[in-house]
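Have a look at the structure below, then the notes.
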Amino acid sequence: MERTEKYSLFYSPDDGKLHIGDASTEENEALVGSMGEEIYQSENYHGEGKILTLSDFHFQTTADIALIVPDGSTVILEGKNELKVMNDRERANAAVLYSNGSMTITGGAEAELRCLAETSQGLWSRCICARFGNLTIEGGTIYAMAGSAGKCGAIYAGGRFREVPDTGRIRICGGKIIASAKTNAIRASAGKLFLEPPKDFCSVVNNAREYRGSSLPWNGETLTQEKMDEPVMISFEPESVLSGTGRTI
């Protein structure tokens, strides 16, 4: 059985280590709390500067946030990784993987990251959150399940309560996305959600409704589930082998 902690993890680019700390978000989702000096002991991660590599890394907590990385961080995935927030506190503002700025996630074809938020009483619930910044996903298979809190977005970028120029963009240009949330599975608050398939590939979007935009690359604001009991799925398939299922853009 996976051990459940009561604290958050902060990644420090100064020493390349995960530190134990206390973190939460206010109602406007601004990060509060602080990173402690105690280092989280695990052989399943490696850090250098603003690059954090997770290798079969598992962490779950009852805190508001599981893992915080600084603005401009790149998270590299190796193997099967899972981050989970189990917080049913009333009006909790939960986030699983959080940056107070921009963040990039990448990994190989076999790499996975599961970000799970088990919340129902909370006010907000995010799985992957680039707050006051931009989010780029370049590779790996990303599972983002945001639970059933009052307001939730499985994959989110933006600064709705703070005007920060050139932020609120989500760019997905590789990998595979499986996302589920009560409200928006994927939301770029500045109205800039970009799907950019590699050369000779097409984006395939399943179970998304009423999204705006057309042409390549596609851009809009949100992807919301058409059937609430099924996730939104995004993948990139070669033009020559597309099966014709899903919506291609």
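The values are calculated or read from the model by the stated rules, or taken from the named source; none is laboratory data. Since we're looking at a predicted model, the values are computed, not measured. Here Cβ is always computed from backbone atoms with ideal geometry, including for glycine, and neighbour counts include all displayed protein chains. Just so you know, the surface numbers come from the protein's heavy atoms only, side chains and all, with ligands and any DNA or RNA stripped out. Shrake-Rupley method; radii C 1.70, N 1.55, O 1.52, S 1.80 Å.
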Within segment 38-91, the residues that are part of a loop (DSSP other than H, G, I, E, B), within 16 Å of G107 (Cβ to Cβ), open to solvent by 10 Å² or more (accessible area, probe 1.4 Å) and not charged (D, E, K, R) are N44, G79
Restricting segment 141-200 to residues that are at pLDDT 90 or above and hydroxyl-bearing (S, T, Y), the one farthest from V96 (Cα to Cα) turns out to be T141
Can you tell me which residue within segment 1-16, out of those that are part of a strand (DSSP E or B) and among the aromatic types (F, W, Y), is farthest from T53 (Cα to Cα)?
F10
